[in-house]
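A.B. asks: What follows is a single structure, and I will ask about it in a moment.
The values are calculated or read from the model by the stated rules, or taken from the named source; none is laboratory data. Keep in mind it's a predicted model, so treat the numbers as computed, not measured. Here the Cβ positions follow ideal geometry from the backbone for every residue, glycine too, while neighbour counts run over all protein chains shown. Each accessible area value is taken on the protein alone, full model and side chains, heavy atoms only, with ligands, DNA and RNA left out. Shrake-Rupley method; radii C 1.70, N 1.55, O 1.52, S 1.80 Å.
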Amino acid sequence: MKDLQHVAVIGAGAVGSFYGAKLAKKGYSVEFQSKYLENTKTLYVKSIWGDFTIPIRAYASTKDMKPADLIIISTKVLPTETIAELVTPIIKDKSRILFLQNGINQEEKFDDFIKKNKYFRKKQPIILGGLAFTCINRISQNEVHHLDYGKIKIGSLKKEDQKYAKEITEIFLSSGIETEFTSDLRKSRWEKLLWNIAFNTLSVMGNSATTELIVNSQHGEKLSTFLMNEIIKIAEYEKKSPGKKMVKEMIERTKKMNPYKTSMLIDYELQRPMEIEAIVGEPLQLAKKYKILVPYLTFTYHLLKFLDEQNRKNNV
């Protein structure tokens, strides 16, 4: 992408900070938006790909940032986050907007919004999606730890925009990020959701269980399999299934993974909102739409909502 002059990372938590820092290390102009990073001048990265320290420009509001050619959306998928408001000050004509988030339907919802909004339609943004198969935690305001894996799959919402997804894939690769182009973004989203539906949810419901504790328990493995099989059923209805073999593969990958606290568990322990709707609610709504019975998914959704309600009530 020859015209990539500037990158903006919106919602620079652990994942956004790490990948944004890798782009900045390569030499790209990168700005970070996060209320947690405001006034942070230096980011310390401890990574299985090599530790590094890099100066950064971080802001609490996108209103203080430059318009960007590539906008990486790495906010948590929460009802309180309004992507349009965050993007408006920094969008350019044909900005590439990369949704580097959990869950499903983010790209589709933003495309629907664009169709109804004259200002965004005129800008003609290119909608891309990124799936980060990685273990990254924020240790402090200016330090992140990349513990394991790290591959990103990048695709486009629309088939005609695949060339842009390939360009961003090459940029990430050149920045030392293990990256793969996917020609079927929706299918890749379902693949990533397999892991999230099992391990993010069970880490909270399993009494603060790490990934290691879940997969090393026959009961944890069984529950993981039940949840993932229901996601497969929904994806099969759309003819976008990553395949039933992927369920076993996800469990085997996790067994080889360094012990890891999921992002949902960290949010729960800090009494912050969890990504329940994006990870559990959206596929549950699709199951209802397609008239597919998903009892484990239904139980998981309501139990997590109950736990979240009680947990955040204690934080008042």
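A.B. asks: Using every pair of alpha-carbon atoms in segment 1-53, split the distances into 10 Å bins beginning at 0 and state the percent of pairs per bin, rounded to integers.
C.D. replies: Distribution as computed: 23, 57, 20, 1 percent.
A.B. asks: Could I ask something else about it? Among T211, S224, Y44, which residue has its Cα furthest toward the positive end of the charge dipole of the chain, with +1 on Lys/Arg Cβ and -1 on Asp/Glu Cβ?
C.D. replies: Among T211, S224, Y44, the one farthest towards the positive end of the dipole of the chain is S224.
A.B. asks: Highest first, please rank the peptides 287-300, 150-163, 128-141 by the mean number of other Cβ atoms sitting within 10 Å of their residues.
C.D. replies: 128-141, 150-163, 287-300
A.B. asks: In whole percent, what relative contact order does segment 264-312 give with Cα contacts below 8 Å and a gap of six or more residues?
C.D. replies: Relative contact order of segment 264-312: 46 percent.
A.B. asks: Using the basic label-point model (7 angstrom from Cα toward the beta carbon), what is the E236 to R272 distance in nanometres?
C.D. replies: 3.7 nm
A.B. asks: According to the Cα gyration tensor, what semi-axes, each the square root of 5 times an eigenvalue, does the equivalent ellipsoid of the chain have, listed from largest to smallest in whole Å?
C.D. replies: 30, 23, 19
A.B. asks: Computed over the Cα atoms of segment 1-111, what is the ratio Rg over Rh, Rh following Kirkwood?
C.D. replies: So for segment 1-111, dividing Rg by the Kirkwood Rh gives 0.95.
A.B. asks: Based on Cβ point charges of +1 for Lys and Arg and -1 for Asp and Glu, what charge dipole magnitude is obtained for the chain about its Cα centre, in debye rounded to the nearest 20? Display every interim value, and only then the final one.
C.D. replies: Details: 50 positive and 37 negative charges, 139 e Å.
Dipole size: approximately 660 debye.
A.B. asks: What full-extension length gain, to one decimal in nm, is calculated for Q5 and E170 as 0.36 nm per residue of separation minus the Cα-Cα distance? Let's see the in-between values first.
C.D. replies: Details: separation 165, 0.36 × 165 = 59.40 nm, distance 1.53 nm.
Taking 0.36 nm per residue and subtracting the Cα distance, the gain is 57.9 nm.
A.B. asks: Return one quarter of the surface area of the convex hull spanned by the alpha-carbon atoms of segment 238-316, equal to its mean projected area, in nm².
C.D. replies: Convex hull of Cα atoms, orientation-averaged projection: 6.6 nm².
A.B. asks: Another one. Which FRET efficiency value, to the nearest 0.05, is calculated for N216 and K248 with the Förster distance at 22 angstrom and r the Cβ-Cβ distance?
C.D. replies: Efficiency for this residue pair is about 0.90.
A.B. asks: Can you compute the radius of gyration and Dmax for segment 36-174, using only the Cα atoms, both in Å?
C.D. replies: Taking only Cα atoms of segment 36-174, I get Rg and Dmax of 15.8, 45 Å.
A.B. asks: On to the next question. Mind computing the radius of gyration and Dmax over the alpha-carbon atoms of segment 100-237? Å is fine for both.
C.D. replies: 17.4, 54
A.B. asks: Could you check the simple spin-label distance between S208 and L78, using points 7 Å along Cα→Cβ, in nm with one decimal?
C.D. replies: According to this spin-label approximation, the distance is 2.0 nm.
A.B. asks: Relative to 2.2 N^0.38 Å, what does the C-alpha radius of gyration of segment 203-260 come to as a ratio? Two decimals please.
C.D. replies: For segment 203-260, the normalised Cα radius of gyration comes out at 1.19.
A.B. asks: What accessible area per residue comes out for the chain, rounded to a whole number of Å², with a 1.4 Å probe?
C.D. replies: For the chain, the solvent-accessible area averages 47 Å² per residue.
A.B. asks: Under 5 Å between amide hydrogens, which residues at least 5 positions from I136 or on another chain qualify, with H placed 1.01 Å from N in the peptide plane?
C.D. replies: The answer is L147.
A.B. asks: Let me ask something else. Viscosity 0.890 mPa s, temperature 25 °C: Stokes-Einstein D of segment 178-302 from its Kirkwood Cα radius, in µm² per second?
C.D. replies: Roughly 166 µm²/s, to the nearest whole number.
A.B. asks: At 7 Å along Cα-to-Cβ for each site, give me the label-to-label distance between N258 and D93 in nm.
C.D. replies: Between N258 and D93, the simple spin-label model gives 4.6 nm.
A.B. asks: Return the lysines within reach of K63: Cα separation strictly under 21 angstrom, same-chain partners fewer than 8 residues apart disregarded; answer none if there are no such residues.
C.D. replies: Partners within reach: K35, K41, K76, K92, K94, K118, K122, K123.
A.B. asks: A further question follows. What full-extension length gain, to one decimal in nm, is calculated for R57 and E178 as 0.36 nm per residue of separation minus the Cα-Cα distance?
C.D. replies: 41.1 nm
A.B. asks: Then there's this: Identify all lysines with a Cα-Cα distance to K291 below 18 Å; exclude those on the same chain that are fewer than 8 residues away in sequence.
C.D. replies: Here the lysines satisfying the reach criterion relative to K291 are K233, K239, K240.
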